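To start, the structure itself, in structure tokens.
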Amino acid sequence: MEKQYAKQIIEWAEEAKQTLNIRKEIILDENTNDEQLGKIVRQMYRAKSDAQNEIIEKTKQNIK
């Protein structure tokens with residue numbers, strides 16, 4: 001993998017960790033209270049962050 005592309009992939013992965021999209025159905029669910037919603041959002045962010053970190057690590061391994 002070329003270093004230029006690898007650097008771009010890593011940059012995009014880092015940027016992706018800065019935002020989280022949440023479907024309106026999750027937010028508007030009447031059966032979910034605010035505390036549960038907070039836990040759901042935190043879990044979603046952790047999963048996304050972990051996935052992006054994995055991409056970063058694999059990309060770094062490919063450029064060595």
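Observations on the structure shown:
- Compared with the dominant Cα axis of the chain, that is its longest principal axis, helix 34-62 is turned about 10°.
- For the chain, the calculated P(r), taken from all Cα-Cα distances in 5 Å bins from zero up to the bin holding the longest distance, is 3, 17, 21, 17, 12, 10, 8, 6, 4, 1 percent.
- For the chain, with +1 on Lys and Arg beta carbons and -1 on Asp and Glu, the positive-most of THR19, GLN8, ASN53 along the dipole: GLN8
- Longest segment of the chain lacking GluC sites (Glu not before Pro) that sit in a DSSP loop with at most 10 other Cβ atoms within 10 Å: 31-64
- Cα long-axis angle, helix 3-16 against the chain (0 to 90 degrees, to the nearest 10): 10 degrees
- Per-residue SASA entry for LYS60, accessible area with 1.4 Å probe, Å² rounded to 10: 90 Å²
- Evaluated with a Cβ-only charge set (Lys, Arg +1; Asp, Glu -1), the chain carries a dipole of roughly 360 debye about its Cα centre, given to the nearest 20.
- Accessible carbon and sulfur surface of the chain relative to its total accessible area, %, 1.4 Å: 48 percent
The values are calculated or read from the model by the stated rules, or taken from the named source; none is laboratory data. Quick caveat, the model's predicted, so the values are computed rather than measured. As a convention, Cβ positions derive from the backbone with ideal geometry for all residues, glycine included, and neighbour counts pool all protein chains shown. The accessibility values were calculated without ligands, DNA or RNA, using every heavy atom of the protein model including side chains. Shrake-Rupley method; radii C 1.70, N 1.55, O 1.52, S 1.80 Å.
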